[in-house]
1. Take each of the peptides A:194-203, A:102-111, average the number of other beta-carbon atoms within 10 Å over its residues, and list them starting from the highest.
2. Using the 10 angstrom Cβ neighbour count as an exposure proxy, how do A:Ile360, A:Ile347, A:Ile169 rank, fewest first?
3. With the Cα gyration tensor of region A:84-195 giving a ≥ b ≥ c as the square roots of its eigenvalues, does the rule (a/c under 1.5 for rounded; else a/b larger than b/c for prolate; else oblate) give rounded, prolate or oblate?
4. Per-residue mean of other chain beta-carbon atoms within 10 angstrom of the beta-carbon, peptide A:359-372?
5. Need the full-extension length gain, A:Leu63 to A:Val224, defined as separation in residues times 0.36 nm minus the C-alpha distance. One decimal, nm.
6. Mind checking the dipole of region A:136-280: about its Cα centre, +1 per Lys or Arg Cβ, -1 per Asp or Glu Cβ, Debye to the nearest 20?
7. Going by how many other beta carbons lie within 10 Å of each one, how would you line up B:Thr133, B:Thr139, fewest first?
8. What does the average come to when, for each residue of peptide A:129-141, you count the partner chain Cβ atoms lying within 10 Å of its Cβ?
Amino acid sequence: MSATAVSTGDAVVHRRRPVIGLLLLVLAQVIGAAGYVLTHLDIDGRLPSGWPVVFLAWFGVGLATYVLVRWRLPHADPVLLPATFLLVGVGLGMIHRIDLIAEPARHDAETQFVWLLLGIVTAVALVFLVKDYRLLRRFPYVLFLAGLVLLLLPLSPLGVELNGSRIWIRLLGYSFQPAEVAKLVLSLAFAGYLADTKDVLAMAGPRVLGFTLPRARDLGPIAVMWVASLLVLIYQKDLGTSMLFFGLFVAMVYVATGRGSWVVLGALLFAAGGWFAYQKFAYVGVRVSSWLHPFSDYDKNYQVIQAQFGFAYGGLLGRGWGLGRPGLTPLAKSDFITAAIGEELGIVGLVAVILVYGIIVARGLRTALSCTQPFGKLLSAGLSLVFALQVFAIIGGVTRLLPLTGLTTPFMSQGGSSMVANWLVVAVMLVVSNDARRPAVVRESEADVASLSADATQVISVPQLRRSAPRTAATPSAVEEEQGAPSAQTVVVPEDEMEATAPFRLPDAPPNPSQPPQQSQRFQPEEGQ
Amino acid sequence: MADLIVTLLKVAFLAVLWLFVLIVANVIRTDLFRPEPATSGGRATKPAVTARSGRQRRGQPRVLAIDNGPQAGTRLALVDEFRIGRAPDCALILDDDYVSGDHASLARRAGGEWVLTDLGSTNGTFVNEVRVTSPTVVTTADSLRIGRTQMRLET
């Protein structure tokens, strides 16, 4: 593969850039490995004892992922995978560094590495299994229901309350955050729903004060999402999850319709819900007061205050790997890993990490721009926006820009469900970007498309089948033969019940004269040319 | 370890971290500003394409004529890229059960040729009654069929 893999004369849309993609991946992994080595150098003054094994596993996983993704998705965005590995590497390094504080040292980083492997395996499986992501468009309502069930699952008897929030379920001895997976499922559902209805949502409705307000009957889905978010807010006591899903929905409606009125409506609804929660529920009040006046109650706001001290101790360039005291902040490995990074890498390192998050979001939005399918556009935009909202909410919470919420820091904080779910999000982004960046004419991917068409409806002529079993009548020779034999039976194999409701007519048969010509196109019929 | 080495390593780590961000920024920049054909909708290159098109399009297809099917007799002016299908957001909507939501796209490449791409349709897109599995260049001599609709490019 060369850097300009598009053959001459073809329309160049996006470069594939496999070489720079690989170099960036190696650089990202070197940064993660450097964090691990520097921690040990700074603490013990020598290399860690098991470093060859760690390096082999870490770089091996990275290269294997790269090869598999590149093989299946040759046109995928070259930046997404390296950016993800950079975040994973820094996160793993920091978890390992905090492991070393305890006496004897803990082994959470190894557990987290196993979760990383599981996340990568599911992501690669998705990349290989989903031949055409547009198939996911077909059942938005089922996905919507599944997403809502996942979101509200912690309210069932399976749910457990941890650190004041009921956002976990316990199954077979493992705890699991279903909202992380619901993020992906609901993005798929909204993208499918909005791809079908966006024109109605955008066009219909009365105009009031310069806003095109949505019609009452179109408000159903937004009302359902609002109620679901309120249930999460009230019963799961988690501000972040509630905001994340309502924000995802409103943002996607806005992307689909381009109508500011939906955003205003969503913001008003969320403000009303938030104010109601602030009045009614003590935990929201606690969060708000620890955001605005953390030092008024040192004991209650211990975590937030320790994070502030950590940031201050880190300063501009940080203490250096292994030289800060991130262990003083409770939950430094999970919710407050940003504080640990700010302490040891300084504001310079933390801003770089936030920029890498920004790069992932920007690439997702860029994919949405260049994608020609409305479903792919909405899916990519929705996933990027929910990712951005999550990063904004948790890092904003830790740095006291916003009230603290219980969201995870994607790819960095300790925890399996978040790791697996976010790898799935990246996998879907890669699949959509591969489709969006595919040049207009690609010769080497013919086999790929052929396998897709094999899934679809085929017209099989029965006599043809009897003569030579493996042939299908969609080949030109078969069509010609069929025209000569009007008695030949045709069998339609419906793949999708929507596509094949009428009896099939032979390819060259004249149009049904009883059917009036329908002018349902947007072009003006051309006259006199 | 000596304080100086620790500090140097710390700064070197941050420098590499930022180097990564800068390289990615450069990759994104070159990705964005590479000359793009009309099909990709690059805003920077579009005026140039339209400026050339006046001369280049002479003798090139300008009309899509529907010969056969429910909408037979319709002629429409070609735009640089549009989708054909049953979905309401397609530029050419074919009201036909054998047409998928997003069935095919017809796009003009920088050289003036028209490329027909099947967008993973269920019942296929046919050029001269051959099912196309990859983007195919079509000319005025070709007959295109989608579902029950037969079309052809005209100058």
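Any read-out appearing in this document is the output of simple, stated calculations on the displayed coordinates, not a laboratory observation. As the structure is a computational prediction, the values presented were derived from the model and not from experiment. Backbone-built Cβ (ideal geometry, glycine too); neighbour counts: all protein chains shown.
1. Sorting A:194-203, A:102-111 by mean packing, highest first, produces A:194-203, A:102-111.
2. A:Ile347, A:Ile169, A:Ile360
3. It comes out oblate by the Cα gyration axes.
4. 2
5. Full-extension gain reported as 53.6 nm.
6. Charge dipole of region A:136-280: 160 debye, to the nearest 20.
7. Ascending number of Cβ neighbours within 10 Å: B:Thr139, B:Thr133.
8. Average per residue, whole number: 1.
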